[in-house]
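A.B. asks: To start, I am sharing the structure in question, which I have written as structure tokens.
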Amino acid sequence: MDPSQSLVSIHYAIKKETWRHTVVLSFQSLGVVYGRLSTTPLYAFGSIDPCHIKSGQQIYELFSFVFWTLTIIPLLKYAFIVFKADDNGEGGTFALYSLLCRRANVGLLPSDTSFTELMHLEEGTPSKMKAESRARRAIGRYKSSHYLLLLLALLGSCLIICDGIFTPALSVYSATSNLRRSLSKFAPRFTSSENARQSVDKYLKRFIPVPVACAILVCLFMLQRYGTNRIGVIFAPIVIVWLVFTSGFGLYNIIHHPQILWAISPTYMFRFIKKIDMTSLKLLSNIVLCIAGSEAMFADLGHFSKRSIKVTFIFLVYPALVLCYAGQAAFFSQHLGSSDDVAHLSESVTHIINCSGHLQHIFTILSLFASLVGSQATITASFSIINQCQALACFPRVKVIHTSDKVRGQVYVPDANWILMILSLSILIGFRDVSAIANATGLAVICGMLVTTCLMSLIIALQWENVAFLSVLFLLFFGSIEALYLSSCFLNFTKGAWCIVVLSLIFMTIMVSWHYGTIKKYEFDVENRVTVDWLTDLSPGLGVSRVPGIGFIHTNIVTGIPSFFSHFITNLPAFHQVLILLSFKSLPVAYIPKNERYLIGRIGHKEYKIYRCIVRYGYRDHVRDVNDFEDQIISSIGEFITREERHDELLIMQEGRMIILGTNGNALVPIVGGESCQQVTDIENQNPNHRKRKKVRFLLPESSPQMNSSVRKELEELVDARESGTAYFLGHSHLKIRKGSNLLKQFLVMAYDFLDRNCRETPIGLDIPHAALLEVGMVYTI
């Protein structure tokens with residue numbers, strides 16, 4: 001067996017996608033991917049203060065910006081260029097960073113020499129690897145570039161999380177503001193007094209938009225525990241109806257005011273730039289909201305396919321948005337100054353159907369549902385990015401629940417859900433202003449796109465190995481457009497945009513401090529590890545005895561014995577009959593196939609019965625929360641024992657030989673309460689509530705002439721040890737600052753220590769029974 005060939009097959013084979021499958025995925029993507037982008041007409045023009053508009057001609061110029069921004073950023077940049085940089089079907093900031101980690105060797109994730117060598121095998125044999133370019137060697141040489149790329153990836157992740165806070169508040173508040181305007185139209189039916197009308201309108205402004213929006217937000221976040229698959233069933237039809245509804249009214253306005261079509265010419269946009277001033281530049285911070293949600297097209301790539309997302313955008317979402325914005329701009333330009341709410345989308349609908357108020361109320365209700373769809377997209381994106389960051393040691397330990405067995409990326413993070421809800425409610429209650437929330441959201445949107453532009457330019461130069469000219473051209477063209485919008489957003493810094501900066505700094509501090517503390521702990525473990533000779537040769541002199549059972553030693557290092565276990569042996573000279581050193585290692589890829597999940601090897605001689613198991617997972621895999629995890633490890637080690645003599649399947653590592661194995665082996669026969677594991681699985685599939693965990697017992701298969709006596713004896717000893725019980729050894733370490741350390745180091749260590757004490761404990765993340773857990777405390781001085 002060729003090791004490199006086995007590891008190269010780490011990616012799933014992608015079947016050829018049929019058009020029927022594309023249509024199904026395109027329909028589903030409407031409810032998940034395009035909810036945010038489809039609802040931007042609610043607040044893009046609506047967040048503009050009509051007092052800042054000088055003339056109807058300026059509205060034409062702003063629409064020209066909307067048209068070309070929609071064409072250049074979502075259509076050209078994302079659909080036709082960035083989509084090509086997917087990480088085996090996965091998209092988003094961390095997907096781009098993952099590609100750079102593998103191609104340019106710029107990763108800062110914890111690893112040691114042995115594991116780094118193993119990862120290099122996944123790229124192919126040296127003869128098959130391309131010669132390194134000059135740019136790749138330069139970036140790989142300088143450590144500062146590694147930190148810069150990591151900070152860029154973390155910044156993009158922070159902005160996605162911030163977007164998950166502000167977007168629900170903005171979209172729902174915009175919809176409830178439409179509800180208030182709709183209810184205000186009932187006042188003339190009940191009173192003819194102008195004072196009474198003003199009094200009613202005053203009370204509606206006070207008791208409708210914010211309280212109703214808060215109630216909707218609470219309900220929205222409480223629904224998250226049911227999973228995207230359940231609550232997203234009705235989202236696609238809602239988005240379709242919404243797009244047809246808004247584009248239809250937009251087309252009506254275009255027919256009555258066809259002059260708006262002249263604004264498609266870029267001369268209107270250049271005319272706006274030519275006479276730009278501070279007031280008009282601020283207007284662009286509202287226009288940038290028209291592309292809010294473009295990043296979700298790339299971030300949610302793993303849920304669907306490139307072709308389905310691209311087809312949906314090109315043939316439905318893009319033309320519908322252009323029609324909607326064109327009609328809204330046409331109405332806005334013709335009725336400028338008629339009312340304070342003339343810029344809102346609901347006003348153009350009201351004007352068209354002034355003889356029939358029922359459709360106006362239908363639009364109000366539909367906008368409420370559409371705002372929920374748009375909010376759902378950003379919330380689930382926040383869950384996904386937190387899951388990815390945690391997998392790459394860049395976020396504190398939180399509980400992650402996978403809500404779908406078919407779509408791996410659909411996750412629910414309870415801790416993050418309630419934090420997002422509290423922050424979103426705080427933003428809504430604190431600002432009580434659509435324009436202020438829109439200013440902050442616009443800054444988050446454009447900064448996230450700038451991060452993608454920077455990382456994508458490096459992908460073009462390093463991953464695709466094109467001429468540097470194309471990379472620089474991509475950066476300058478798209479970067480200059482986004483820089484223009486960024487400058488306009490910063491002009492509103494004191495009017496709400498400051499909040500996004502503060503929240504981003506808080507999340508960046510959490511991520512950087514956690515990553516720093518994790519790396520320092522790992523470096524301490526590597527420097528203070530002991531060899532297996534210490535355990536096998538010196539332990540008899542200490543009076544160490546072997547007790548029945550299996551001991552799982554959870555460690556971050558992949559060579560040697562962790563220092564906390566040697567500390568345990570020194571104070572309590574005893575360990576189990578079978579020892580398994582268990583390590584979880586994240587690879588900068590999306591998924592690891594189940595048949596290549598484990599790397600099993602032996603430490604020392606056979607009589608020591610010490611094994612090492614490296615569990616490999618991608619940043620979108622979930623391997624730590626499965627109920628049968630321990631059973632899979634035992635089964636994989638049994639498979640290793642039977643295959644160990646086949647030298648062609650072995651990888652030569654520093655400590656010895658290892659084999660790549662999957663979760664299903666046939667060396668041991670698993671039995672659950674007298675039933676085979678396959679029978680139990682069938683019962684659980686038929687009755688999902690039948691989830692009571694039962695201990696799995698292992699039996700040896702019937703005698704086979706292919707299995708020699710020594711292998712059968714070792715398997716019997718493994719089964720007997722499992723019957724005697726299992727225990728988990730975990731190192732519970734704390735960082736201590738060395739005297740004379742600088743202030744930055746002290747702050748990062750203090751922040752990490754605070755997070756480590758207050759986040760979820762490791763046993764919960766590993767699903768370890770508390771009765772089988774042994775924690776060994778240690779203090780690391782750095």
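Rule-based calculations on the coordinates, nothing more; no lab input. This is a predicted model, so every value here is computed, not measured. When we count neighbours, we look across all protein chains shown, and the Cβ atoms used for this are built from the backbone with ideal geometry, even at glycine.
A.B. asks: So what is the relative contact order of the stretch 283-391, in percent, for Cα pairs below 8 Å that sit 6 or more residues apart? Please report the intermediate quantities before stating the final value.
C.D. replies: Working: 26 pairs, mean separation 25.1, N = 109.
Relative contact order comes out at 23 percent.
A.B. asks: May I ask you to order 160-171, 598-609 by the average number of other C-beta atoms within 10 Å around their residues, highest value first?
C.D. replies: Details: 160-171: 28.7, 598-609: 18.3.
Top to bottom by mean Cβ count within 10 Å: 160-171, 598-609.
A.B. asks: How do 360-367, 202-209 rank on mean C-beta neighbours within 10 Å, highest first? Please report the intermediate quantities before stating the final value.
C.D. replies: Values: 360-367: 18.6, 202-209: 14.5.
Ranked from most to least packed, the peptides come out as 360-367, 202-209.
A.B. asks: Using a 7 Å offset from the Cα along the Cα-to-Cβ direction at both F754 and N742, what is the distance between the two label points in nm, to one decimal?
C.D. replies: 2.1 nm
A.B. asks: Mean 1/r over all different Cα pairs, inverted: what Kirkwood radius does the stretch 465-511 give, in Å?
C.D. replies: Values: mean 1/r = 0.0774 Å⁻¹.
In the stretch 465-511 this quantity evaluates to 12.9 Å.
A.B. asks: In nm, what is the difference between 0.36 nm times the number of residues separating D720 and K274 and their Cα-Cα distance? Don't jump to the answer; show the numbers that get you there.
C.D. replies: Numbers: separation 446, 0.36 × 446 = 160.56 nm, distance 8.24 nm.
Here the segment from D720 to K274 would lengthen by 152.3 nm.
A.B. asks: Still on this structure, please answer the following. Give me the Å³ per residue figure for the convex hull around the C-alpha atoms of the stretch 196-352. It would help to have the intermediate numbers written out before the result.
C.D. replies: Working: hull volume 28.5 nm³, N = 157.
Expressed per residue, the convex hull around the Cα atoms of the stretch 196-352 is 181 Å³.
A.B. asks: Also: What is the gain in length, in nm to one decimal, between I429 and M707 on full extension, counting 0.36 nm per residue of separation less the C-alpha to C-alpha distance? Don't skip to the end; give the middle numbers.
C.D. replies: On the way: separation 278, 0.36 × 278 = 100.08 nm, distance 7.05 nm.
The I429-M707 span can extend by a further 93.0 nm.
A.B. asks: Can I ask one more? By average Cβ neighbour count within 10 Å, what is the ranking of 446-458, 315-327, 740-752 from highest down? Before the final figure, lay out the partial values.
C.D. replies: On the way: 446-458: 23.2, 315-327: 21.6, 740-752: 14.1.
Packing order, densest peptide first, comes out as 446-458, 315-327, 740-752.
A.B. asks: Past 31 Å, Cα to Cα, is the threshold; run K84/K282; K54/K495; K399/K520; K205/K282 against it and keep the listed order.
C.D. replies: On the way: K84/K282 34 Å; K54/K495 21 Å; K399/K520 24 Å; K205/K282 26 Å.
The answer is K84/K282.
A.B. asks: Calculate the spin-label point distance for T71 paired with M508, positioning each point 7 Å from the Cα along the beta-carbon direction, and give it in nanometres.
C.D. replies: So the label points at M508 and T71 sit 3.5 nm apart.
A.B. asks: What are the extents of the Cα atoms of the stretch 206-296 along their three principal axes, listed from largest to smallest and rounded to whole Å?
C.D. replies: 51, 33, 32
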